[in-house]
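One structure below.
The values are calculated or read from the model by the stated rules, or taken from the named source; none is laboratory data. This structure is a prediction, so every number in the text was calculated from the model and none was measured. Every residue, glycine among them, receives a Cβ derived from its backbone with ideal geometry; neighbour counts consider all protein chains shown.
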Amino acid sequence: MKAYIPVKTSERLPGKHLMKICGRPMLDIVREKLSQIGEVVILSKLNIPFPYEYDHSENIMELVYGLSMTNDSFMIVAGDMPFFTPKDLNIILSAFSGKSIVPVHNNGRMEPLFAIYSGRLEMGTNLRDMLRRSGFVGIDAGLFSKNAFFNVNTQSDLSKANEICKNCFE
């Protein structure tokens, strides 16, 4: 399955995708993990030191919608979520049966940036709305590793990520 990593400008933590945790850029960690499942395409508006395709979309929703027009199914994983495991990938890939699938927490909150999208999606007001309009399968987010959905948005998150990665990558 083809996986896409969207990389966008961050107002709260500029350059976050290239910031290092445990000595490696986050984007490199995400890219390497996803390469285990197939082709990985980084989509970016930024000039980054990795092979990438230019992202012509205005926002993440438009990006995913556009990809749904040209792909039967594909995975989206945020470039600032470096702690998912091979087991996490296996959980979502094994549960995929041809319909969009997204982890859902007990409180109903979805994780649309660690999801498989399938078929032509209907445009919505955000990714969660787009999934609801298009139909999706929810998978219990509790099945995934503790930090699978941890993303780095602030300097505090980056500090926490460095603490987490000491345990993950040693």
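Quick look at the values:
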item	result
Test: residue in segment 68-83 that is assigned to a helix (DSSP H, G or I), modelled with pLDDT under 95 and surrounded by fewer than 20 Cβ atoms within 10 Å (Cβ to Cβ)	yes
Matching entry among Y117, Y54 (being surrounded by fewer than 19 Cβ atoms within 10 Å (Cβ to Cβ) and modelled with pLDDT of 95 or more)	Y54
Residue that is surrounded by the most Cβ atoms within 10 Å (Cβ to Cβ), among those in segment 9-51 that are touching a residue at least 12 places away in the same chain (Cβ under 8 Å) and among the polar types (S, T, N, Q)	S44
Every residue from segment 26-49 that is basic (K, R) and assigned to a helix (DSSP H, G or I)	R31, K33
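Matching residues to (1) hydroxyl-bearing (S, T, Y); (2) more than 19 Å from the chain's Cα centre (by Cα); (3) in a helix (DSSP H, G or I); (4) surrounded by fewer than 17 Cβ atoms within 10 Å (Cβ to Cβ):
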site	(1), (2), (3), (4)
E122	no, yes, no, yes
L131	no, no, yes, no
N151	no, no, no, no
S159	yes, yes, yes, yes
